[in-house]
Amino acid sequence: MASPARRLLLATLCVAASLLGLGAQAAAGAGARRTAGVYELRMGDFSVRVTNWGARLVSVVLPDSKGNLADVVLGKDTIAEYVPSNQVVSSLATTQNDTSYFGPITGRVGQRISRGRFVLDGEVYHLERNDGRNTLRGGGTAFSRSAWTVKEYVGGGDSPRITFFYRSFDGEQGFPGSLDAHVTYRLSSP
């Protein structure tokens, strides 16, 4: 039996995030209400749990050299620790429950934008500030604090996978241009 680290590498948990800008807005999106949930991908004794709240990795459980199962991801134990409640949440709901950023997709940016503004093609864009005078990880209601739509979910079999979708509209958090984000978590055999 392979070591836990080797098994984890060989299981190839692929996280593929593709971000595509779009010019048109659809009726669903900003302000839409979705339920935050937890989804499990399982292949034998290897399992991964994710939530659509921030397209977040919640746990990776695999056996050690003695066959004992252990979660190797640092994170919270319940969805309620990430969101205000396990009820229906707004896709743009602001919550300060989770300031740790354990496992989410960050966006539209992955770091800090000084003074919450930037210039693009001569135009100044003012962003939502959530870190004093700065914008951190896309703002207080960024990708990590939004309910993503589940587009595909296959929990077991030969290719367990889940694809999340989030539409960020032109002007959301002050960013220009519409953007569609797709995140896929997939398990595959070595």
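The values are calculated or read from the model by the stated rules, or taken from the named source; none is laboratory data. Bear in mind that the values here come from a model prediction, so they are computed numbers and not experimental data. Cβ coordinates were reconstructed from backbone atoms using ideal geometry, including for glycine residues, and neighbour counts include every protein chain displayed.
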Subset of region 139-160 (residues that are closer than 16 Å to Gly37 by Cβ, surrounded by 22 or more Cβ atoms within 10 Å (Cβ to Cβ) and hydrophobic (A, V, I, L, M, F, W, C)):
Ala147, Trp148
Look at Phe164 and say whether it is among the aromatic types (Phe, Trp, Tyr), assigned to a strand (DSSP E or B) and surrounded by 20 or more Cβ atoms within 10 Å (Cβ to Cβ).
yes
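Can you find, within region 125-158, the residue that is farthest from the chain's Cα centre (by Cα) among those that are part of a strand (DSSP E or B) and within 27 Å of Leu187 (Cα to Cα)? Even if it seems obvious, please write down each step before you answer.
Of all residues in region 125-158, those part of a strand (DSSP E or B) come to 125-126, 131, 134-136, 147, 149-154.
When the remaining residues are screened for being within 27 Å of Leu187 (Cα to Cα), the result is 147, 149-154.
On the way: Ala147: 9, Thr149: 11, Val150: 11, Lys151: 14, Glu152: 15, Tyr153: 15, Val154: 18 Å.
Here the residue is Val154.
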Mind checking which residues of region 100-124 are of a type in the set (Val, Ile, Thr), under 27 Å from Val83 (Cα atoms) and in a strand (DSSP E or B)?
Ile113
Would you check if there is a residue in region 116-133 being closer than 30 Å to Tyr39 by Cα and of a type in the set (Gly, Ala, Ser)?
no
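For a quick check of your reading: which strands (runs of 3 or more DSSP E) sit entirely within region 1-75 and have at least 1 residues that are within 18 Å of the chain's Cα centre (by Cα), farther than 24 Å from Thr141 by Cα and at pLDDT 90 or above?
Numbers: elements: 14-22, 33-35, 38-43, 46-51, 56-63, 69-71.
Hits in region 1-75: 38-43, 46-51, 56-63.
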